Amino acid sequence: MKTGFARDLPFGASLLPTGATRFRFWAPAEKNVSLVIDGASPVPMKAADGGWFETEAVCGTGTSYRYRLDNGVSVPDPASRAQADDVHDPSLVVDPHTYEWRHPGWRGRPWHETVLYELHAGAFGGFAGVQAALPVLVDLGITAVELMPINDFPGRRNWGYDGVLPFAPDRSYGTPDELKALVDAAHGLGLMMFLDVVYNHFGPDGNYLSAYAPAFFRDDIATPWGAAIDFRRPEVRRYFTENALYWVHEYRFDGLRFDAVHAISEADWLDEMAAEVRGSVEPGRHVHLVLEHDGNVADHLRRDFDAQWNDDAHHVLHAMLTGECDGYYADYADLPAQRLARALSEGFVYQGDPSAYRKGEPRGTPSNDLRPTSFVLFLQNHDQIGNRPFGDRMTSQVDPERLEAAIALQLLCPHVPMIFMGEELATTSPFLYFTDHTGDLANAVREGRRREFAGFKGFAPGEGTSSIPDPNEPGTFDQSRIIPDADRGPARQRLYHTLLAIRREWLTPRLVGAKSLGASAVEPATVVARWQLGDGATLVLVSNLGSEPARIEGVEGNLLYESRLGSADSVRSGRIPGATTVALMVPAS
């Protein structure tokens, strides 16, 4: 018996019980649209209210089709479930019921159990390569794998944020059924699967929407990636809401991460969409929704979103560990220990405070009432590595002992931790910005990348903008594959395994109902943070991310972890060595 799941989309190509396929296409700028099926004569589509065109055709799974506009140009379906080849090529009719799920009864895991591992499917060799890696991640202590965007992009390689067909998995990674097999295999291992989705822009090549639906975009607002998408329009809102529902139901993803939602002008759509997703999920199933939001708008986290990536916490940790103060790191370079203490105890560092980087404009809203698990804590991610000119990681920037103290702080903090692929192997492989554009666009991307870093102060002697890797060179992508560090990799992997085992045994069962008891800064690089856990016990983290020892008030508690042998005794006596994190637990009285 088939156990396939499907989302009945109100647009695109939908198989009917009669053996025919219904096609529905929004093209408000067109007077006439025809359905073009490979090997058949064009079929005029019937115009309906609101700019819609509809028809039915006797065809089935695997049929190649496009829509022909008034000017004779044929375009792919913006709701394509799969492409015959690339973004400029025909779309395919897909039967979403064909995959036979082996674990249809999977209901996910509660949010507080989440330990995220962000990865790029292409760097693992596609969906099958990711699937092969899952047992190792489970053994490490990972509970959720987050795929960077996998929707169709131009060419055979892309770092993920140039997609143009939100419903179609890119063929270079695998077929729709191979993606479902990956999700299914993860569920069989007790792993959740998350997907990063991009609703704030389309990539620069292969997006035909402006040709037949210019109303999809605004002409009065721009984003860093081009014209803003017009979320005032009901058709646009429906398109992206359906996409979220599609991944959650048809592919059984356990969670979605919403990219850079501060670039979505109509913030009410976020809460509207999240509420609809919540209302659509069957009873007892756990589905999680996570934001990236540069504006730090905490209200979303009081509604239907579980958490937000805490860029503030990353930035202050990065500034403390590397000493960098360029760009937005300037907002964190002064008083770093105080800012880290606020991130640990309250979530956001900027809660309406003026930002010097933003020329004094206030940023953020109060977040100190939110639970610790409302914040995703990371030391690195795709953005913070890939948006560096040479894609360099902290392993090549920071003393290993200081970095390992920060890792302990991250993984033993009640915030939800996220690991970027390769961190656990101490890899020094870069994660670069890579694309597969051609012609003028390839030149523009390469030169634009070099202009972006014209003022970069971190070039080594003899380096300059011409040294920045060309995003379109195949070798740029090849360099971004993970190579474990032969010397430090095994020990680093054991460290992650140990810390995640401690988290699983001592923290996770107590995280429901946990709340901050405050954090304090001690000297420039030391913090002491406390949380009351759900059973009344108190977790104490003392972390010195500097190189020199620091004086603190003596702290008592049962030892959970010390990154330097004997450092717990030092902490109890009022001193913490440099490059050290100590975790203590005070039982409930």
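The values are calculated or read from the model by the stated rules, or taken from the named source; none is laboratory data. Nothing here was measured: the structure is a model prediction, and the numbers come from that model. Don't worry about glycine lacking a Cβ; one is built from the backbone with ideal geometry, like all the others, and counts go over all protein chains shown. The area values use the complete protein model at the heavy-atom level, side chains included, leaving out ligands, DNA and RNA. Shrake-Rupley method; radii C 1.70, N 1.55, O 1.52, S 1.80 Å.
What the table below lists for this structure:
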item	result
Spatial separation of Cα centroids for region 265-307 and region 416-450, in angstrom	28
Derived scalar couplings ³J(HN,Hα) [region 424-433; Karplus, 6.51 cos²θ - 1.76 cosθ + 1.60; whole Hz; x for Gly, Pro]	6, 10, 6, 5, 9, 4, x, 10, 9, 7
Rounded tilt (10° steps) of 234-249 against the dominant C-alpha axis of the chain	70
Whole-Å distance, taken between Cα centres, linking region 11-71 and region 137-196	29
Phi to ³J(HN,Hα) by Karplus 6.51 cos²θ - 1.76 cosθ + 1.60 over region 577-589, Hz, x for Gly, Pro	x, x, 6, 9, 10, 10, 10, 10, 10, 9, x, 4, 7
Nearest 10 degrees, 0 to 90: helix 400-412 Cα axis against the chain principal axis	70
Relative contact order (percent, whole number), the chain, Cα cutoff 8 Å, 6+ residue spacing	11
Solvent-accessible area per residue, Å², over the chain with all protein chains present [probe radius 1.4 Å]	37
Filtered trypsin sites (Lys or Arg not before Pro), region 435-499: DSSP coil and at most 13 other beta carbons within 10 Å	457
For residue 64, net neighbour charge (Lys/Arg +1, Asp/Glu -1) across residues whose Cβ lies under 12 Å away	-3
Cross-link partners of residue 457 among lysines (Cα-Cα below 24 Å; sequence separation of 8 or more within a chain)	359
Debye log10 I(q)/I(0) for the chain, one point scatterer per Cα, at q = 0.05, 0.06, 0.07 Å⁻¹	-0.22, -0.32, -0.43
Prolate/oblate/rounded label for region 355-454 (Cα gyration tensor, a/c 1.5)	oblate
Region 428-543, relative contact order [Cα under 8 Å, separation at least 6], %	21
Cβ charges +1 (Lys, Arg) and -1 (Asp, Glu), total dipole of region 313-467, debye	260
Nearby lysines by direct alpha-carbon distance to residue 31 (threshold 27 angstrom, same-chain neighbours under 8 apart not counted)	46
Residues with amide H under 5 Å from that of residue 163, placed H, sequence gap 5 or more	203
Estimated 222 nm signal from helices in the chain, with DSSP H stretches of n ≥ 4 weighted -39500 (n - 2.57), rounded to 500	-7500 deg cm²/dmol
Net charge over other residues, Cβ less than 11 angstrom from the Cβ of residue 367 (K, R count +1; D, E count -1)	-1
With Cα atoms, 0 to 90° folded angle of helix 267-280 axis to the chain main axis	80
Trypsin sites (Lys or Arg not before Pro) lying in DSSP loop within region 9-70, provided at most 14 other Cβ fall within 10 Å	31
Whole-Å distance, taken between Cα centres, linking region 517-554 and region 340-412	17
Extreme residue, positive dipole direction of the chain, given options 552, 229, 206 (C-beta unit charges)	552
Percent accessible area from carbon and sulfur atoms, region 1-80, protein chains only, probe 1.4 Å	52
In Hz, Karplus ³J(HN,Hα) per residue of region 479-492 (6.51, -1.76, 1.60; θ = phi - 60°; x = Gly, Pro)	5, 8, 6, 6, 10, x, 6, 4, 7, 9, x, x, 5, 5
Rounded FRET efficiency, nearest 0.05, which uses the C-beta distance separating residue 38 from residue 325 and R0 of 51 Å	0.35
Amide proton proximity set for residue 33, modelled H, under 5 Å, gap of 5+	45
Overall form of region 424-542 per C-alpha gyration tensor (a/c, 1.5; a/b vs b/c)	prolate
Those chymotrypsin sites (Phe, Trp or Tyr not before Pro) in region 374-416 that DSSP places in a loop and that have at most 16 other beta carbons within 10 Å	none
